[in-house]
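*Asks:* After the structure tokens below, expect a handful of questions from me.
The values are calculated or read from the model by the stated rules, or taken from the named source; none is laboratory data. As the structure is a prediction and not an experimental result, all values here were calculated from the model. Cβ atoms come from the backbone with ideal geometry, glycine included; neighbour counts cover every protein chain shown. Side chains are part of the model used for accessible areas, which takes the heavy atoms of the whole protein and leaves out ligands, DNA and RNA. Shrake-Rupley method; radii C 1.70, N 1.55, O 1.52, S 1.80 Å.
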Amino acid sequence: MADNAMPELTLEPTAAAVEMPQLTLDSVPTPATPAAEPEKKPVEPVQLDENLLSEEEKKAVEDFSKKIDITDSNLVLNYGAAAQKSVASFSENALASVRNKDLGEVGETLSKLVVEVKGFGKEEKKGIFGFAQKQKDKLMLMKEQYSKAEASVDRITKELENHQVVLLKDIAMFDQMYELNLKYYKELTMYIIAGKKRLADLRAGELEDLRKKAEQSGLAEDAQKYNDMVNLCNRFEKKLHDLELTRMVSLQMGPQTRLLQNNDTLMVEKIQSSLVNTIPLWKSQMVLALGMEHSRQATAAQNAVTEATNDLLKKNADMLKMGTIATAKEAERSIIDIETLQHTNEQLISTLDEVIQIQREGAEKRKAAEVELGRIEGELKQKLMELRSK
């Protein structure tokens, strides 16, 4: 929009030019058109005068003010009414936009995302069930949790994308509303300046002439005309004051609209950060966690193999040591142990000694038997002899 575009002032209810706001005495609102960016306001209080206008706007206001007839009650009633209604409609639209939009849903969705991300890797059961859960394969548990969390995150992602689309549309709408508000603000400013200029001219010219005429003539009708003109001026001044109040509302709507737009922009940026940073980072971390678990299990398996190999080598070494020593001992051992020969020799000597002893005892017993047999035989002969002699 060109900042130096010349406003077109008219008393007819025709459409306003696109380049600038249109002033009209009709009560029908003019179509909303974009307006130039307002000049930056100084720190000191702003004086509502022609200094706020460009040279072309000043000329337009000058020409328009001459057409204002404050004796026309209908004209005074509807003076600036179109711009006032536009501001009121603008406020309603802004209020409806805020009322129909619940940013709490976005916050709730983001909170769900945080819960899903934090919940990964945590045990879901307690007590005896928790103990049983611990017995499950950790990698399988992580995969189940990842699948569940991924489904929830994908659903939340869709919700965030939908919220983002709505917010982006609202941001664009607020841009349009801001431009419209600038147009209404400019219209009100020009209506007020034109009215004040006309009112100042009337008070300095026609009203002053009526006062002098009433004072000079002393006629009641001249005094009444003067009093009627004073009342008309006061009535029009009140109308201008109403327009100033509406203008202030329009002035405040500018930063308010930007605040709403900024809130939406911040929320869009937060959603965008979640979509392009948080969620991909979470997924990458989950992949790393699963990869680390794979590595841990592979390391555990390798460690088990290493331990088994070490145990087997130790056992084989022990058995080899025992076998080698036993073989060496057996190899160095004689066919017949000295101890065995000594034992055999001792037993042989003992046997020979016992045989000799037995033989000696046998010889002695035989000698004794011979003697006994001789005695027996002698006794028998003696007894036989005795039998014969009888």
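*Asks:* Considering Ser250, Ser295, which residue is open to solvent by less than 80 Å² (accessible area, probe 1.4 Å) and farther than 30 Å from Leu75 by Cβ? Spell out the reasoning first.
*Replies:* Values: Ser250 fails: farther than 30 Å from Leu75 by Cβ.
None of the other options fit; the residue is Ser295.
*Asks:* Let me ask another. Conditions first: (1) open to solvent by less than 80 Å² (accessible area, probe 1.4 Å); (2) out of contact with any Asp or Glu (no Cβ under 7 Å at 6 or more places or on another chain). Gln285 passes all but one, so which condition is the exception?
*Replies:* Among (1) open to solvent by less than 80 Å² (accessible area, probe 1.4 Å); (2) out of contact with any Asp or Glu (no Cβ under 7 Å at 6 or more places or on another chain), the lone unmet condition for Gln285 is (1).
*Asks:* Then there's this: Being farther than 30 Å from Ala81 by Cα, open to solvent by 40 Å² or more (accessible area, probe 1.4 Å), at pLDDT 80 or above and not charged (D, E, K, R), is that true of even one residue in the range 137-156?
*Replies:* No.
*Asks:* To continue, here is another question. Report whether or not Val276 is at pLDDT below 85 and either within 30 Å of Ile156 (Cβ to Cβ) or exposed (fewer than 10 other Cβ atoms within 10 Å of the Cβ) (or both).
*Replies:* Considered against the rule, which asks whether it is at pLDDT below 85 and either within 30 Å of Ile156 (Cβ to Cβ) or exposed (fewer than 10 other Cβ atoms within 10 Å of the Cβ) (or both), Val276 comes out as yes.
Rundown of residues vs (1) of a type in the set (D, E, K, R); (2) in contact (Cβ under 8 Å) with a residue 60 or more places away in the chain; (3) outside any helix (DSSP H, G or I), yes/no style:
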site: Leu266; (1), (2), (3): no, no, no
site: Glu269; (1), (2), (3): yes, no, no
site: Leu281; (1), (2), (3): no, no, no
site: Met286; (1), (2), (3): no, yes, no
site: Gly323; (1), (2), (3): no, no, no
site: Thr340; (1), (2), (3): no, no, no
site: Glu354; (1), (2), (3): yes, no, no
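*Asks:* Further, regarding this structure: Given the conditions (1) open to solvent by 20 Å² or more (accessible area, probe 1.4 Å); (2) under 60 Å from the mean Cα position of the chain (by Cα), and given that Ile271 satisfies all but one, which numbered condition is not satisfied?
*Replies:* Checking Ile271 against (1) open to solvent by 20 Å² or more (accessible area, probe 1.4 Å); (2) under 60 Å from the mean Cα position of the chain (by Cα), the one that fails is (1).
*Asks:* So the check is Cβ under 9 Å with 6+ separation or different chains; which pairs have a first residue in the range 229-249 that's over 11 Å from Gly195 (Cβ atoms) and a second one that's in a helix (DSSP H, G or I) and among the polar types (S, T, N, Q)?
*Replies:* Note: pairs meeting the criteria are Leu232/Ser73; Arg235/Ser73; Thr246/Gln84; Arg247/Thr189; Val249/Ser91.
*Asks:* Continuing with the same structure: Got a sec? Which of Lys212, Lys283 is more than 30 Å from Met140 (Cβ to Cβ) and of a type outside the set (S, T, N, Q)?
*Replies:* Details: Lys283 fails: more than 30 Å from Met140 (Cβ to Cβ).
After applying the criteria, what remains is Lys212.
*Asks:* Further question: Here is a list of conditions, (1) modelled with pLDDT under 75; (2) in a helix (DSSP H, G or I); (3) loosely packed, with under 10 Cβ neighbours inside 10 Å, and Ser334 meets all of them except one; can you say which number that is?
*Replies:* For Ser334, the exception is condition (2).
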